[in-house]
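Reading through the structure tokens given below for one structure.
The values are calculated or read from the model by the stated rules, or taken from the named source; none is laboratory data. In this text the structure is predicted, and so the values were computed from the model without any measurement. Note that each Cβ is placed from the backbone with ideal geometry, even for glycine, and that neighbours are counted across all protein chains shown. Just so you know, the surface numbers come from the protein's heavy atoms only, side chains and all, with ligands and any DNA or RNA stripped out. Shrake-Rupley method; radii C 1.70, N 1.55, O 1.52, S 1.80 Å.
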Amino acid sequence: MKLQQLRYVVEVVNHRLNVSATADSLYTSQPGISKQIRMLEDELGVQIFERSGKHLTQLTEAGQDIVNIAHDVLTRTESIKSVAEEHIHPEVGKLSISTTHTQARYALPQTIKSFTERYPKVSLHMYQGTPKQMSEAVSKGIADFAIATEDLHLYQDAVMLPCYHWNRSIVVPHGHPLTLRGKITIEDLASYPLVTYVFGFTGRSELEKAFRQVGLNPRVAFTATDADVIKTYVKLGMGVGVISSMAVDPLADKELVVIDASHIFGSSTTCIGFRRGIFLRSYMYDFIEKFAPHLTKAVIEEAMSLKSGTEIEEMFNDIVLPLR
């Protein structure tokens, strides 16, 4: 059994059983991958994949168990390399982050600026995507960290640490009727078309929840993944904007009136997560603490020692998170 064979098996699964796409991504040949997988199956005495002709159709029951273990083995192998790199070149390496536009545009700039000044020899890469794409990037090792709010159930094999709470603001053009009201209610919002995030992005579920609790449905006229795009269409008069409060820029958003909506919507929690079993370089610990100061190395290591997400949640029950 060779590590290369395990890597081929895992990558084939990552590419949805498309051997040709796997070969392209690994800069090798399709017949070579197929041969190595067959050799591994022969050695183990079980089929990892079911086949229809030359095509792989699905994992066998044994194959699923083998892939799970192979993934852990490859993660541990990468950790061994990281340990060596930490001792030889502690301030040289790379860091990849998977997140949403709002986090990248509004929450991360100061952290990244401070981090790159401290670690100029660490190359930093950022990937933006859907919650599912973000979780897959972490599970496949494409990203070291995910910074996420929605669909945290997708991170079953990750350590997810709460960073901060945040809420929403309503944004409307000057002169909009809502600017003349006192305390805005959910019923007031129901009277207008809304411009907000695509479902699954940046706490959109809390908006849906708030309307459901009073038996109303939001009139969503336009959605986007980008808060700046949402604000652009609010300025064009397409509807009332509901965005993350952190996405309000006092200088850039002078054409809009910003109304606090924390009394209408429940707060959301942003978490930072990474695969279980990986070795965190010293600069990775430092990045997390720069982003969320309560997440010190000692706290992170304690969370890593826990077996489930529920235990991690309980660990942070008595910690007051900052509000952004």
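For the chain, the solvent-accessible area works out to 51 Å² per residue, with a probe of 1.4 Å and every protein chain left in place.
Given 0.36 nm per residue, what is the gain on full extension from K81 to K183 after removing their alpha carbon distance, in nm? Could you put the intermediate results ahead of the total?
Details: separation 102, 0.36 × 102 = 36.72 nm, distance 5.68 nm.
Computed gain between K81 and K183 is 31.0 nm.
In the chain, what percentage of the DSSP-assigned beta bridges are antiparallel, given to the nearest 5?
Details: 24 of 41 bridges.
Given both bridge residues lie in the chain, the antiparallel proportion sits at roughly 60 percent.
Ranking of D249, D72 by solvent-accessible surface, largest first: D72, D249 (1.4 Å probe, protein heavy atoms only, all chains present). Centre-to-centre, using Cα atoms only, segment 149-173 and segment 262-324 are separated by 12 Å. With the simple spin-label model, which puts each label point 7 Å out from Cα in the Cβ direction, the H165 to D42 separation comes to 6.2 nm. Take the Cβ-Cβ distance between V257 and K132 as r, set R0 to 35 Å, and report the resulting FRET efficiency rounded to the nearest 0.05. Efficiency computed from Cβ-Cβ geometry: 0.50. The value of relative contact order for the chain, using C-alpha pairs under 8 Å at least six residues apart, is 21 percent. Taking label points 7 Å from Cα along the Cα-to-Cβ direction, M238 and E117 give a separation of 3.8 nm. The ellipsoid equivalent to the alpha-carbon distribution of segment 172-222 has semi-axes of 20, 14, 9 angstrom, derived from the gyration tensor eigenvalues as √(5λ) and listed largest first. Measuring spread by the Cα atoms of segment 1-53 yields a radius of gyration and Dmax of 10.3, 28 Å. Computed from Cα atoms, the angle from the helix 204-213 axis to the main principal axis of the chain rounds to 60 degrees. Between helix 282-291 and the chain there is an angle of about 20 degrees, using the helix long axis and the longest principal axis of the Cα atoms. A dipole drawn for segment 205-288 from +1 and -1 charges on Cβ atoms has a positive end, and of F222, I259, Y285 the residue lying farthest that way is Y285.
Of the solvent-accessible surface of the chain, computed with a 1.4 Å probe and all protein chains present, 52% belongs to carbon and sulfur. FRET efficiency for the L26 to A298 pair, using the beta carbon distance and R₀ = 35 Å, is estimated at 0.35. Where does helix 30-44 land angle-wise versus the long Cα axis of the chain, in degrees 0 to 90, nearest 10? Here the helix axis deviates by roughly 70 degrees. Dividing the radius of gyration of the alpha carbons in segment 1-137 by their Kirkwood radius gives 1.07 for Rg/Rh.
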